[in-house]
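Readers should treat all values here as calculations from the given coordinates under stated rules, not as data from a laboratory. These figures come from a predicted structure and were not determined experimentally. Every residue, glycine as well, gets a Cβ built from its backbone with ideal geometry; the counts of neighbours run over all protein chains shown.
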Amino acid sequence: MSSPAAERPASEPILEIEDLRKRFVMARSPLQWARRQPPRVLTAVDGVSLELRRGEVLGVVGESGCGKTTLARCVMRLAEPDEGSIRLDGSDLLALSRSELRGARKRIQMVFQDPYASLNPRMTIGAAIGEAARVHRLVDAGGEQRYVAELLELVGLPASASERLPKALSGGQRQRAVIARALALKPDVLIADEAVSALDVSIQAQILGLLRELTDELGLATLFIAHQLAVIAQISDSVAVMYLGQVVEQGPTASVFRAPRHPYTRALLDAHPDPSVVKRRDAPAVAGDVPSPLQMPSGCRFHTRCPYAEERCLQPPPLLDVGAGHRARCVVLPFGSDG
Amino acid sequence: MSALEQSGGAQEQAVGRPEARGAGTHEPGAGAPALLELRDLTVAFPTRTGFAVAVNGVSLTVAPGQVTGIVGESGSGKTMICRAILGLIPWPGAIVGGEIRWRGRDLVGASASEMRRVRGREVAMIFQDPSSALDPVFTIGNQITEPLRVHLGRSRAAAEKEAIELLARVGIPSPRERFNAYPHQLSGGMRQRAMIAIAISCKPGLVLADEPTTSLDVTIQDQILGLLAELRDEYGMSMVLVSHDLGVVAQNTDSVAVMYSGSIVETAPTSAVFAATRHPYTAALIEALPSIHVREPRVALKPIPGQPPALDALPPGCPFAPRCRYTTEACQSVDMTRVAVGPEHETACPFAEQVMVGA
């Protein structure tokens, strides 16, 4: 199936995200307004750079509020980034006009967490899949039915699903239908935002297998966002771990999971309840809550909770190369003895 | 009629009575009486076409001081078991058969006032979603002092003092200030800590934790599970831990019951469930589970084909048979009675010994 990232021919990345930043300015209360207080600013994505190649699944993992969904929305231009660039096949998405964007948008498609919410309850599955292709003039009215049938087969749904309403399908089937709709536009990039999080384990395995197959066979580039480490470990070729708007560690999946070089990645892996370990540790992997993105800690974002924190962590750490495409935003751990 | 009248004689009965089904579970070791015993519990909901059987003849024992895990996918009936124990089955559902023996007395058919004395005081529940289980218009303090005052008759001042101690115990920083906070002013993890404080306020004998960490991030989940383990030791509570996450169950329970479509298919000491699986569903679930141990080259997971049956149209015999890779015609006449296959290990699959060896 897939070969390790190192042996992959060095093709040009299809999607390049560089130094992307997105801040949200919070609404002021009347009292704050009257007092002329400046609005508070929430930093959701703070200088993220990622590359994605055809046939590759890039996993983005992090806890709620780390900015992974805002990142996806920026790539879709559902949110306007403040700074940075997003290049699709070399052309800058952020420089496109509205009409040019429409053409570019069909090359990037998204699958959301909740298949119940992302399908129109009054539209048959066939109509939902066909509409997208028709609007973007990929098929004419005559060819639509056959096109829909091909897509249903591709995602493993029976042809009869075409006539059904979403409520007549199970959760797993609905997610397949949503994937078929995304593929109807022959996208280059597929963004799956928590696409398997709402599904039961047995169904989740089906959808993970399907997404991997589609990526390999159609040469898709898949940005796979999830909060579950095990799911990311299963599907991704490379992985980026996010914490409070920044990528704290990235690299080939095997390298990051087997030899994590950032204390936060270590904490995540330690906290993950692994069924092959039938005994819990005494102390929690990491203490405290994630700080509010409205009051970002200075220096290393993780230093408030980090067991390895030192004086120098009060300076913002760079993303350091630790070998073979593996990088970590930590000045203490990567070259420490216990790595 | 009421369980109150029967409760005197029931104590001895609970220990001595021979069992018709699932023999092993009902004989807790060394003569220790079970704290909680479910016998043939059946919960059903009327539907347009008949009945949806959410819990289908479930028998289960919770021993004192033990953590019993209930694991299964959505709709398998694990939450309904907890709700049935507390008499909280949502209308129009009802317990249509079986017994719930709590310290020897049957809670099925207990009067409303009797249930109120049990609920919160003897058996407490921690719900999945702390933001909807806490009342948004009352302060945290108000919600913790309520059970202390109602169940234990504490004065306002005594209850407040105790509540602040409880908040401190569950790891809420500056508990005196948090006492006056509303739920929305706390983070998800802190809300769950507050709910745990409410649950343990009356020192219950049993805590039913229904997916207590499912809505939390993994590092917070880890903290909350650690807290629950500490409190269990400190208070000597038993616990039923309901989860869809095999990993959570593996690390936090003494024994496990695996549920599928309203039936318990396998019960075993936790280590045996994973090391010596004896039901095809449990095995399939484990094989479908992604792991953080990266394998190169990638090995595809083995999904379970199909989907669980509708609860109002359960197939005859074993409900897992239509998806089971070992299924035969005989599976349609399996009655889901569990048979012992090892020490405290039972499976509802009569063919497990033939098909699962070496699995």
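Over what distance in Å are the Cα centres of the range B:191-235 and the range B:98-160 separated? Cα centroid of the range B:191-235 versus Cα centroid of the range B:98-160: 15 Å apart. Between B:275, B:124, B:310, the GNM of chain B built on Cα springs shorter than 10 angstrom shows B:275 fluctuating the most. Rounded if a/c is under 1.5, else prolate if a/b is larger than b/c, else oblate: which is the range B:161-205, with a ≥ b ≥ c the root eigenvalues of its Cα gyration tensor? Oblate shape, in that a/c is at least 1.5 and b/c is the bigger or equal ratio.
Summing charges over all other residues whose Cβ lies under 10 Å from the Cβ of residue A:19, with Lys and Arg as +1 and Asp and Glu as -1, gives -2.
Pairs exceeding a 27 Å alpha-carbon distance, out of A:68/A:186; A:68/A:167; A:22/A:106; A:68/A:279: A:68/A:167; A:68/A:279.
Among residues other than residue A:212 with Cβ under 12 Å from its Cβ, the summed charge is -4 (Lys and Arg +1, Asp and Glu -1). Based on the alpha-carbon gyration tensor of the range A:255-302 and its eigenvalue square roots a ≥ b ≥ c, which shape applies: rounded if a/c is under 1.5, prolate if not and a/b is larger than b/c, or oblate? Oblate, because a/c is 1.5 or more while a/b does not exceed b/c. Calculated on the alpha-carbon coordinates, the convex hull of the protein assembly as shown measures out at 192 cubic angstrom per residue.
Restricting the count to DSSP beta bridges whose residues both fall in the protein assembly as shown, what percent are antiparallel, rounded to a multiple of 5? Roughly 60 percent of the DSSP beta bridges within the protein assembly as shown come out antiparallel.
Screening chain A for DSSP H helices whose Cα atoms reach 15 Å or more along their own axis and whose mean Kyte hydropathy is at least 0.0 gives A:125-135, A:201-218. A simple count of charges around residue A:43, restricted to other residues whose Cβ falls under 9 Å of its Cβ and scoring Lys, Arg +1 and Asp, Glu -1, yields +2. Restricting to chain B, compute how many DSSP beta bridges are antiparallel as a %, nearest 5. About 60 percent, rounded to the nearest 5. Averaging Cα coordinates gives a centre for the range B:303-346 and one for the range A:202-276; these two points are 33 Å apart.
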